[in-house]
Ligand code: NAP
């Protein structure tokens, strides 16, 4: 890497963030595309967020990525939001525009769909398990891309009525039907999955142990694609179960790389060599751990 007076900075801002794979992804992209940039991770305290975002302008940075706990709060410091960011009220990317203003965007949903090779969202019916931040980004993106219908399943926690309100807002603004149901209702899940050609686990179930977000008796129809946005472990219990029914499965590593790719393109105007970087990341994460 040739850092000189022209090098521009991008960063991920979160807390905690030192474990992040984003510097690996973006610095490899800068190198491969020969863009004179460098990407760092800033672990900051809450009261420094406004200053950090202001620094994008004063330091002529490309922009930043945001992760927990700043995705919602950062919205108030940007000048403009993309339609999907407007729908969910959260951003994972800020880009410095040529006119000096700041654009806030959420690339998690588009990154997810771009990671499913050749999947056209338009007119499709999708079932998604979970209604947290990542799920909402995927749901909003599906609505912006004019899906036919989205079934959402969440446990009946204190979040359920809040989630219902958020989904109502997204549905009203996009004109796409979104149906929220109880994650414990096996019959409703079966009916919805029968109507869908994509089933996504966007809960955190399966990240720490071998638990499953659905009952193992659920039957998957031929041709359905099953995705888990978790990428550690590489194959969750949910994906193992889906694979045993001979359907195409995909984990969340592609989402991680493709959401980064969209940020990178917004900042630099260059396409990230996402597939090559994904393969390098697979080697880094999975081969060094086994
Ligand atoms: P989040 O906002 O905390 O949402 C978690 C979701 O999982 C909520 O719907 C929550 O339900 C549900 N959930 C958690 N524990 C549960 C349980 N025991 N039973 C039933 N439902 C449960 O988290 P997030 O940011 O959306 O992330 C969700 C997962 O996606 C995490 O595993 C994360 O690592 C992964 N992720 C991957 C990427 C990627 O790039 N591949 C990006 C972002 C996130 P309640 O609402 O009832 O709590």
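Rule-based calculations on the coordinates, nothing more; no lab input. Everything numeric here is computed off the predicted structure, so don't read it as measured data. Backbone-built Cβ (ideal geometry, glycine too); neighbour counts: all protein chains shown.
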Query raised in the report: Where does helix 49-58 land angle-wise versus the long Cα axis of the chain, in degrees 0 to 90, nearest 10?
Result: 50 degrees
Query raised in the report: Points 7 angstrom from Cα along the Cβ direction at residue 32 and residue 221: gap in nanometres?
Result: 3.6 nm
Query - Rounded tilt (10° steps) of 253-268 against the dominant C-alpha axis of the chain - result: 40 degrees
Query raised in the report: How long are the three semi-axes of the equivalent ellipsoid for region 47-148, computed from the Cα gyration tensor as the root of 5 times each eigenvalue, in whole Å, largest first?
Result: 28, 14, 11
Report summary line: Helix 159-174: inclination vs the chain longest Cα principal axis, degrees, rounded to 10, gives 80 degrees
**Report entry** Quarter of the Cα convex hull surface for the chain, i.e. its orientation-mean projected area (nm²)
**Finding:** 15.3 nm²
Query raised in the report: How big is the equivalent ellipsoid of region 116-251 along its three axes, where each semi-axis is √(5λ) from the Cα gyration tensor, reported in whole Å from largest to smallest?
Result: 22, 17, 14
Query raised in the report: For the chain, what is the calculated [θ] at 222 nm in deg cm²/dmol (nearest 500), taking -39500 (n - 2.57) for each run of four or more DSSP H residues and dividing by its residue count?
Result: -11000 deg cm²/dmol
